[in-house]
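Notes to accompany the following structure.
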Amino acid sequence: MIHSMTGFGKHVIQSPGKKITVELKSLNSKNLDINARVPQAYREKELVFRNRIARELERGKVDFSLYVELTGDQPSAEINGAIVKKYMEQLGELAEGDSQNFLAMALRLPDALRTEREEIDPEEFAAIEAALQQALIALKEFRRDEGKALENDFRQRIEAILSHLDAVDKRDTDRLAAVRERLQRAVAEILENVDENRFEQELIYYLEKYDITEEKVRLAKHLEYFRQSLDSADSNGKKLGFICQEIGREINTIGSKANDAPMQRIVVQMKDELEKVKEQILNVL
């Protein structure tokens, strides 16, 4: 089963005086790229969060956000009385004015408010870790659901390419007959007397040059390998990408050897389906 790299997970916990929200968003990326937004008070635990995410997610551009909202009555900062008084004295020396105005001005100056750094409560941190784990579970479920949609799309497009390959196979007999006829007509226009043995040798050479039997066989095998890979236990977008390259190589070779307008049109349809698969492969884990 394949998984998408696009996902979202969220979990909210309510602790005494705080509402803590953990969010995870992921998009496609060649490697694992974690961007963390964590409040200053929790910065010391950022590496722990990153390691937990790295253990659970293999690839993707991941945005991790931790939001902390105070819901209690306790103040988050205290007025630094000594500093504020000093500011008011200096303001009074510089200009005349009301003490209330001086107080309002002093409170806006640097260091007027003092914030005491609190140690992270072990129980609170354990709750945050549990919330992160729940958000990871939700994100992986999201990825799995998105992967099912991608898988269904891939199967439909691979079936379409197989159908076009069948049309190529049916057209191939008429194509070779048409090539043979064109060569005979061209030679007849140039020479009245043609060495039949030499002509047959040259004809066989050109027919072998235009032969696409091996390409058709290899393309069918690559398409089947792609379908088998969709059924594997692991999601491997890079592997699917490599198989797509091989599929594209065989389709291009068939197109270059076709020398036949109806077959070229079929090849264009195959390329169109393959391009749509390759675009979505970028989102596969």
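The values are calculated or read from the model by the stated rules, or taken from the named source; none is laboratory data. Keep in mind that this is a model prediction, so the values were computed, not measured. Cβ: placed from backbone, ideal geometry, glycine included. Neighbour counts: every protein chain shown. Heavy atoms of the whole protein, side chains included, go into the accessibility calculation; ligands, DNA and RNA do not. Shrake-Rupley method; radii C 1.70, N 1.55, O 1.52, S 1.80 Å.
Some points to look at:
- SER4, SER99, SER256, reordered so the largest accessible area comes first (probe 1.4 Å): SER256, SER99, SER4
- Exposed loop positions in the chain were taken to be trypsin sites (Lys or Arg not before Pro) whose DSSP state is not H, G, I, E or B and which have at most 15 other beta-carbon atoms within 10 angstrom. Between these positions, the longest stretch is 118-285.
- For THR213, solvent-accessible area (1.4 Å; no DNA, RNA or ligand), Å²: 70
- For the range 233-282, applying the loop criterion from DSSP together with a ceiling of 13 other beta carbons within 10 Å to the GluC sites (Glu not before Pro) yields no site.
- Listed values for the range 122-128 are Karplus-derived 3J(HN,Hα) couplings in whole Hz (6.51 cos²θ - 1.76 cosθ + 1.60, θ = phi - 60°), namely x, 5, 5, 5, 4, 5, 5, and x replaces Gly and Pro.
- Calculated from the structure at hand, Rg and Dmax of the Cα atoms in Å is found among (1) 34.7, 121; (2) 20.8, 70; (3) 18.6, 57 as (1).
- Once the Cα gyration tensor of the range 2-58 is diagonalised, semi-axes √(5λ) in Å: 24, 14, 9
- Cβ-derived FRET efficiency at R0 51 Å, GLU69 paired with GLU246, nearest 0.05: 0.45
- Between the Cα long axis of helix 213-230 and the first principal axis of the chain there is an angle of about 30°, rounded to the nearest 10.
- Probe 1.4 Å, accessible area per residue of the range 201-285, Å²: 55
- R0 of 25 Å, Cβ-Cβ distance MET1-ILE120: FRET efficiency to nearest 0.05: 0.05
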